[in-house]
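Just so you know, all these numbers are worked out from the coordinates, no wet-lab data involved. Please read all numbers here as calculations on a predicted model, not as lab measurements. Cβ placement follows ideal geometry from the backbone for every residue including glycine, while neighbour counts extend to all protein chains displayed.
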Amino acid sequence: MTLFYKARQSTLESKDGKKKWYPILVKTGKAVSLLEMATEVAEKSSLTPGDTLSVSQNLMMVMSRHLMNSRSVRLDGLGTFTVIGKAKGTGVDTEEEVSSLQFNGLRVRFTPEYTRNNTQGTTRAMFSKVEYAKWGDSKSTKGNSSDNGGDDDEEVIDPGF
């Protein structure tokens, strides 16, 4: 399993006045659908694809209900989901003026579960054995990911297959 990356130059100058280059992750192909994942899970279990699809859909409804009731949802081995309210640019001068009308968006924050081992220290459970390959290059490097789960540093490329 390989994460592809490519180089991108920052639009901002660093302290030394240069625009530095950084790696960004590249996504290939289309996103995997819930049905595709349900089919794969069914192949690894005694359930049918319909059973696993039904469980997945019900899990999402139950998670949504708990998240919308101000609860966090922790899935063992995966991580924790929490609703975050965005109120950017809507600050007020006093505590008494604070109201729900200041929210201008909601997000779900995902925090991957961590594991500890003696050789690598703390790693995210999903990212314990990561291999990197430069997009369009046959060479690859192995290492641990420090990805925070966000989509800020990635680009989607459809390879056409």
Checklist outcome for this item: Row for region 1-106, column shape: gyration tensor on C-alpha, a ≥ b ≥ c, rounded if a/c < 1.5 i.e. under 1.5, prolate if a/b over b/c, else oblate; value oblate
Next on the checklist: How would Leu12, Leu34 line up from fewest to most surrounding beta-carbon atoms within 10 angstrom?
Outcome noted: Leu12, Leu34
Checklist outcome for this item: Of all chymotrypsin sites (Phe, Trp or Tyr not before Pro) in region 63-114, the ones in DSSP coil with at most 16 other Cβ atoms within 10 Å are Phe103
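Using the structure shown, select from Lys15/Lys129; Lys15/Lys88; Lys44/Lys129 the pairs with a Cα to Cα distance greater than 29 angstrom.
Exceeds cut-off: Lys15/Lys129.
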Item to check | Cα-projected label distance for Tyr114 with Arg71, points at 7 Å along beta-carbon direction, nm | outcome: 2.5 nm
Checklist entry - Along the Cα-to-Cβ line of Glu131, 7 Å from the Cα, sits a label point; which residues in region 3-36 have backbone N less than 12 Å from it? => result 3-4
Next on the checklist: I need the phi-derived Karplus couplings for region 28-33: 6.51 cos²θ - 1.76 cosθ + 1.60, θ = phi - 60°, integer Hz, Gly and Pro marked x.
Outcome noted: 10, x, 8, 5, 6, 7
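Out of the trypsin sites (Lys or Arg not before Pro) in region 3-34, which ones are loop residues according to DSSP with at most 14 other C-beta atoms within 10 Å?
Working: sites: Lys6, Arg8, Lys15, Lys18, Lys19, Lys20, Lys27, Lys30; in loops: Lys15, Lys18, Lys19, Lys20, Lys30.
Hits after loop and neighbour filter: Lys15, Lys18, Lys19, Lys20, Lys30.
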Item to check | Separation of the Lys15 and Val62 label points, Cα + 7 Å toward Cβ, nm | outcome: 5.1 nm
